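The values are calculated or read from the model by the stated rules, or taken from the named source; none is laboratory data. Given the structure is predicted, the values throughout are model-derived calculations rather than measurements. When we count neighbours, we look across all protein chains shown, and the Cβ atoms used for this are built from the backbone with ideal geometry, even at glycine. Side chains are part of the model used for accessible areas, which takes the heavy atoms of the whole protein and leaves out ligands, DNA and RNA. Shrake-Rupley method; radii C 1.70, N 1.55, O 1.52, S 1.80 Å.
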Amino acid sequence: LIALDPTVLSYFLAVTGPAGLPDGTIVDAANVVSLTERDEYSMFSDNIKRKDFVVSILRAASHKITSGAGSGQGILQAASRAGLEQRLLAWSEDPAIESVLRASDFAGAIPRSDRPFSALVLNNAAAGKLDFYLTRSIAYERTGCGSSRDVIVTIKLTNSAPAAGLPPYVDSRLDNPPPGAQPGDNHALVDYYATPGAQLTSTTLNGRPSTAAVEHDLGHPIFRVSLELPRGTTQTLTLHLDRKSTRLNSSHITI
């Protein structure tokens, strides 16, 4: 089983060159992401025709990638980049193959160990199609040299959706938006996966005290915040953690 996102297609098409659709549309590295994540909703009012269009893109890109166009080394380099970015993932029911995959960047597996771990997962709680306009960043900073380490995680989410012009299918919401919500506003369920043993000591949202729910998965604590994302704003969520360990060194990582 192989899963990939439209950005992976852009990496491959940059190597192979453009692909043509039956209707004459040219799909290439420059437009495949916008076509599949944004433009399709404005191009078609009929959902069946829209989905058929997306399938035609996938077929054309697949045929181009497997046609032998471009260089084999270029395809491998594109796949390697996609694996490093966790955009191209693979799984096999064959235990021998899966054991190799799990040791690679292509597994996307959450580690079952106490090694330092940091992962941000967003789920669209509004059930709309505004994620194309959502950008995110995460900064991870740890300090201390005793039996415990202070960890500060800063998550920034920016909603750059336009104020008007989006089809209803894109900016409609199926949740319960708060009073005063405007078209283009979004809502995300924010999950931060931390290193096993990490304790949450405080949470702030845009510099003000806030709260987070605590869940667990595969031994990792998950700190969860349900976050409204008004259009044209940046929400800054800061988690202060206490990590009991003697294995970590001071570091600062921004993604």
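Here is how the numbers come out for the structure above:
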| quantity | calculated |
| --- | --- |
| Per-residue ³J(HN,Hα) for segment 2-17, Karplus 6.51 cos²θ - 1.76 cosθ + 1.60, θ = phi - 60°, Hz, x for Gly and Pro | 10, 10, 8, 9, x, 5, 4, 4, 5, 4, 5, 5, 5, 8, 7, x |
| Probe 1.4 Å, accessible area per residue of the chain, Å² | 55 |
| For segment 28-86, Kirkwood radius (reciprocal of mean inverse C-alpha pair distance, Å) | 13.1 |
| Rounded Å value of the spacing that divides the Cα centres of segment 162-208 and segment 111-144 | 13 |
| The chain: relative contact order as a whole-number percent, Cα under 8 Å and 6+ apart | 19 |
| Helix-only mean residue ellipticity at 222 nm for the chain, each DSSP H run of n ≥ 4 adding -39500 (n - 2.57), per residue, nearest 500 | -7000 deg cm²/dmol |
| Sorted peptide list for 94-101, 155-162, 167-174, 190-197, criterion being average Cβ within 10 angstrom, highest first | 190-197, 155-162, 167-174, 94-101 |
| Dipole moment magnitude, nearest 20 debye, the chain about Cα centre, only Lys, Arg, Asp, Glu C-beta charged | 540 |
| Accessible carbon and sulfur surface of segment 25-146 relative to its total accessible area, %, 1.4 Å | 53 |
| Rg over Rh, two decimals, the chain (C-alpha only, Kirkwood Rh) | 1.01 |
